[in-house]
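Novice: What follows is a single structure, and I will ask about it in a moment.
The values are calculated or read from the model by the stated rules, or taken from the named source; none is laboratory data. Just so it is clear, the model here is predicted, and its values are computed rather than measured. Positions of Cβ are backbone-derived with ideal geometry, glycine not excepted, and every protein chain shown enters the neighbour counts.
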């Protein structure tokens, strides 16, 4: 391998080590991070209840619940000066609902070293994914199907890699579980992986099965199981969304996950969140404590505008319904 290649690998190792534990060198692990503030607070059950532009990152089928144009914006500070950002726009049409989004994770200054370990100066790194989504009803009452095409790019210093990936999803009523119950299924990050020099790194493909039930007008219960295919591990989360006031939603979830690596033990996943909606504007906040490493936080803003479409929709209020 050439000297520049060795220097790149050293730089990349430093970059990966500075990341949150969800990251692994060169495999687009930023796609595993929870994006939406509502989903962070509610847990994996959001795959059955996600609606509108936020569904593009959880389950693209939920995009079909949109009944008017919508824009979404999210900001999330991370460890070591990293910043996660999300920008999306979605619009319903008579053919179905279309959406476009950008997910970006940028590092703070990272310390570069040469082959001898001497410092060569700071550099930066960025991962991003550009998304195009489409969803519509499938002809069966209440059934929605959707898909997302992603252009995934990763850059470290002057080196970069890119690939295509895709998500597919389904949402459907589950009348056997109750009149207001819903099921969701999504497979995310299907694709050939990122190629760095002679190595191709697999994408973090996962599959989620979720269910929600609105036990009362003010209480939503959600649960979901996510299997991380490349890592061969399964995680579970159950959560609630309570709307004591029509414009305020309180969220909390608890789950169990296995630590990465061989022989990893179990750890708890605890998260909280709140959503406030007024008119066409909704503000969301989600937080998941991460032990001594701090906390994962999401600040989201969603704006709905334009006249409501006459197309069928099951969109909810401050907390999207099942």
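Novice: Mind checking whether some residue in segment 122-137 is modelled with pLDDT under 95, within 29 Å of residue 65 (Cβ to Cβ) and not in a strand (DSSP E or B)?
Specialist: Looking for residues that are modelled with pLDDT under 95, within 29 Å of residue 65 (Cβ to Cβ) and not in a strand (DSSP E or B), one finds none in segment 122-137, hence no.
Novice: Restricting attention to segment 263-285, does a residue exist that is modelled with pLDDT under 75 and crowded, with 16+ Cβ neighbours inside 10 Å?
Specialist: No, segment 263-285 has no match at all.
Novice: Checking residue 202 against (1) in contact (Cβ under 8 Å) with a residue 60 or more places away in the chain; (2) buried (at least 17 other Cβ atoms within 10 Å of the Cβ), which single condition isn't satisfied?
Specialist: Every condition holds for residue 202 apart from (2).
Novice: I'd like the full set of residues that are surrounded by fewer than 22 Cβ atoms within 10 Å (Cβ to Cβ), touching a residue at least 12 places away in the same chain (Cβ under 8 Å) and part of a strand (DSSP E or B), limited to segment 216-233.
Specialist: 219, 221, 223, 225, 227, 228, 233
Results for (1) in contact with a strand residue (DSSP E or B) (Cβ under 7 Å, 6 or more places away or on another chain); (2) under 15 Å from residue 210 (Cβ atoms); (3) in a strand (DSSP E or B), shown as yes or no for each residue.
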position	(1), (2), (3)
140	no, no, no
146	yes, yes, yes
150	yes, no, yes
153	yes, no, yes
160	yes, no, yes
167	yes, yes, yes
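Novice: Of all residues being outside any loop (DSSP other than H, G, I, E, B) and modelled with pLDDT under 85 in segment 187-208, which is nearest to the chain's Cα centre (by Cα)? Just the residue, please.
Specialist: That would be 201.
Novice: Oh, and also: Collect the residues in segment 158-186 that are surrounded by 18 or more Cβ atoms within 10 Å (Cβ to Cβ) and at pLDDT below 90, keeping them in residue-number order.
Specialist: 159, 161, 174
Novice: Let me ask something additional. Could you check segment 1-120 for strands (runs of 3 or more DSSP E) lying wholly inside it with 1 or more residues that are surrounded by 15 or more Cβ atoms within 10 Å (Cβ to Cβ) and at pLDDT below 60?
Specialist: The strands (runs of 3 or more DSSP E) meeting that bar are 110-113.
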